[in-house]
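The values are calculated or read from the model by the stated rules, or taken from the named source; none is laboratory data. Every value quoted in this text rests on a predicted model; they were computed, and no experiment measured them. As a convention, Cβ positions derive from the backbone with ideal geometry for all residues, glycine included, and neighbour counts pool all protein chains shown. Protein only, heavy atoms only, side chains kept; ligands, DNA and RNA dropped before computing areas. Shrake-Rupley method; radii C 1.70, N 1.55, O 1.52, S 1.80 Å.
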Amino acid sequence: MKTGQLRQAFLDYFKEHGHTIVPSSSLVPTNDQTLLFTNAGMVQFKDTFLGLEQRPYVRATSSQRCVRAGGKHNDLENVGFTARHHTFFEMLGNFSFGDYFKREAIVFAWNFLTQVLKLPAAHLWVTVFEEDSIAEEIWLKDIKVDPNRFSRCGLKDNFWSMGDTGPCGPCTEIYYDHGPEIIGGPPGSKDADGDRYI
């Protein structure tokens, strides 16, 4: 599958599930003096999450162009050392403004990967923030992810924030396992920086 096909499949999937497709915003934020470059998909929705603006929709999806160039959580030191960290990249995202939360977000993500992209569940590994028992229960009891392909990770890996104040919270991530012939351990392990799991 080509990159353009993957991007379109993602946007189409979320449009089919009631999301408005929102175009990528500028790489240089026009209304945010705290950022030099747009470094995450949610940047254009920051004022919405902070309650400073209201959008004419409650669900959105986008393919946001991003630059990794500094900041609190930038992973810049990994660029050039792993296959998954890039200076310029697109972040595919789906967003809810008070409409749905963890359960629906998890179901959307899992179904897109396993039903639309047809990735085998046996190649996927799921992580949650170590204190997020709600997401853990959804993954293990509702989605029925194999507990042997599941990790609880700490603040560094599974708590998302842009800075000391503003939108933040526990996150869950889904990794693809390339197999034992690729160097690297599962998420949360001491060898997690390898490229086996992306």
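Here are the numbers:
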| item | result |
| --- | --- |
| Among (1) closer than 22 Å to Tyr13 by Cα; (2) surrounded by 14 or more Cβ atoms within 10 Å (Cβ to Cβ); (3) touching a residue at least 40 places away in the same chain (Cβ under 8 Å), the one test that Arg103 misses | (3) |
| Residues satisfying the stated conditions in segment 1-57, i.e. open to solvent by less than 90 Å² (accessible area, probe 1.4 Å), polar (S, T, N, Q) and farther than 14 Å from Glu90 by Cα | Thr20, Thr48 |
| Qualifying residue in segment 33-46 (condition: assigned to a helix (DSSP H, G or I), modelled with pLDDT under 95 and among the basic types (Lys, Arg)) | yes |
| Number of positions in segment 171-198 that are open to solvent by less than 50 Å² (accessible area, probe 1.4 Å) and among the aliphatic types (A, V, I, L, M) | 2 |
| Among (1) within 13 Å of the chain's Cα centre (by Cα); (2) at pLDDT 85 or above - the single one Ser161 does not satisfy | (2) |
| Output for segment 113-147, where each listed residue is in contact (Cβ under 8 Å) with a residue 60 or more places away in the chain and of a type in the set (Ser, Thr, Tyr) | Thr127 |
